[in-house]
Amino acid sequence: MKLLHFSDLHIGVENYGRPDPDTGLSTRLLDFLAAFDELVDYAIAARVDAVLFAGDAYKSRDPSQTHQREFARRIARLAAEGIPVFLVTGNHDLPAIAGRASALDIFPTLAIERVFVADHISTTILPTRAGPLQIVALPWIRRSQFLTRDDTRNLTLDQITQRLQERLTNALTQELQRLDPNLPAVLVAHVTVSGATVGTERSMMLGRDHVILLSALATPALDYVALGHVHKHQVLGYNPTVAYSGSLQRVDFSEEAEDKGFCMIDLDENQPPGSRLRRFDFHPVKARPFLTIDVDVPPGDDDPTQRVLDTIARKYVTDAIVRVRIHLPEELESRLRESDIRDALSAAHYVAAIQRDVTRSRRTRLTPESSRGLGPREALRLYLESRSTDPQRMDVLLSHADALLREELGEEPE
């Protein structure tokens, strides 16, 4: 039984994009759809038995009609190929007000064949070409689903979160206990699991995270745990394998070094629980590259712009989203030709920034007490002494200062 697991598509993230001249859509929207297409093509070519989506189809809780159309078009293509698709709702899929329809509710409303949506903790028997598959769903949980006002009265926010985590764990445990050991079983969850490495999703959170312990998921009743919500692909445990597929596209520079893609799982449905997983692989997709170029310009460099251009020439900037960070001393800042740097980046998809990190020269200031009553000459002498100026050079500078002061006062030069 071949399963494909992905999550955190986030259609609607359009930062670092520009209008596409052919479609009028954001080039970043096209990036996310291209990665989704790559996944769909793979699923069809590999004849997978089911596709498991672990939440967050969209960036916004209220996606545009265009975003909904593009997501549904690809889900319908999988279903038309005879591949059942199981979707759980993520925090970005839920409306801001309880009772309103989620962004995924259109599928059960239209009773689209082979598309299943879970918006509460439940177990579904999914019919596949390889036989039935038990799927325990753990979608993003609202606090109001588990706690009443009486439960939370006089509790701190941390205490409320702790109580929610306890009740969530208990409900999940009861669901797992009802599984049929004769059928393969997986968990599809949109949740933060203790020990996971998180990143950009922190800045995209819609509400406060609750955390579930890894031990609550790592049960022999399950053959695989498919996680969503954290954008970085990672495996948290084995027996069963517990994995975040990660997002399909990079959102910003914090994900620059991360591979993006989806997970493939091969189960032997004829084996007993705990022995069904035959293979687990992560398949990268062609995600838009993000590239940071750091340039250190030393003092005395005659042409700091050329140093930047030489550094850029050693990088592959074509079709990448690029930022350049230039570290240089204050006296060379005026020699930097930004137009030349932008010309060198013309092959990039988008230039996010050309940052200048300028090292300012240290300024020595005299305390009010030490400078009170000092004339210009004495103040200059104290300053030169504080800078450990060579005595001969100090004499020359003071001599020039004396001449300037006499000129200012209208005295005849000596």
- Counting just the residues of the range 290-340 that are at pLDDT 95 or above, polar (S, T, N, Q) and not in a strand (DSSP E or B), which one comes out farthest from T359 (Cα to Cα)? T318
- Does D105 meet the test of being modelled with pLDDT under 95 and surrounded by 18 or more Cβ atoms within 10 Å (Cβ to Cβ)? no
- Item | Options D281, D294; residue that is surrounded by fewer than 15 Cβ atoms within 10 Å (Cβ to Cβ) and touching a helix residue (DSSP H, G or I) at 6+ places or on another chain (Cβ under 9 Å) | D294
- Message: Go through the range 241-259 and report how many residues are out of contact with any helix residue (DSSP H, G or I) (no Cβ under 7 Å at 6 or more places or on another chain) and crowded, with 23+ Cβ neighbours inside 10 Å.
- Response: 5
- Query: Which is basic (K, R) and in a loop (DSSP other than H, G, I, E, B), of R73, R61, R69?
  - Reply: R61
- Task: Could you list all residues from the range 76-88 that are under 27 Å from the mean Cα position of the chain (by Cα) and assigned to a helix (DSSP H, G or I)?
- Result: L78
- Query: Is it the case that some residue within the range 37-44 is of a type in the set (V, I, T) and part of a loop (DSSP other than H, G, I, E, B)?
  - Reply: no
- Restricting the search to the range 109-142, which residues are surrounded by fewer than 17 Cβ atoms within 10 Å (Cβ to Cβ), touching a residue at least 60 places away in the same chain (Cβ under 8 Å) and not small (G, A, S)? R129
- If you go through the range 201-221 one residue at a time, do you hit one that is assigned by TED's automatic domain parsing to the domain that holds L29, at pLDDT 95 or above and touching a Leu at 6+ places or on another chain (Cβ under 7 Å)? no
- Message: I'm told A347 meets every condition in (1) surrounded by 14 or more Cβ atoms within 10 Å (Cβ to Cβ); (2) aliphatic (A, V, I, L, M); (3) not assigned by TED's automatic domain parsing to the domain that holds L30 except one. Can you identify the failing condition by its number?
- Response: (1)
- Task: Please verify whether the range 376-393 includes one or more residues that are assigned to a loop (DSSP other than H, G, I, E, B), loosely packed, with under 13 Cβ neighbours inside 10 Å, at pLDDT below 80 and hydroxyl-bearing (S, T, Y).
- Result: yes
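The values are calculated or read from the model by the stated rules, or taken from the named source; none is laboratory data. Keep in mind that this is a model prediction, so the values were computed, not measured. Here the Cβ is made from the backbone with ideal geometry for all residues, glycine too, and neighbour counts use every protein chain on show.
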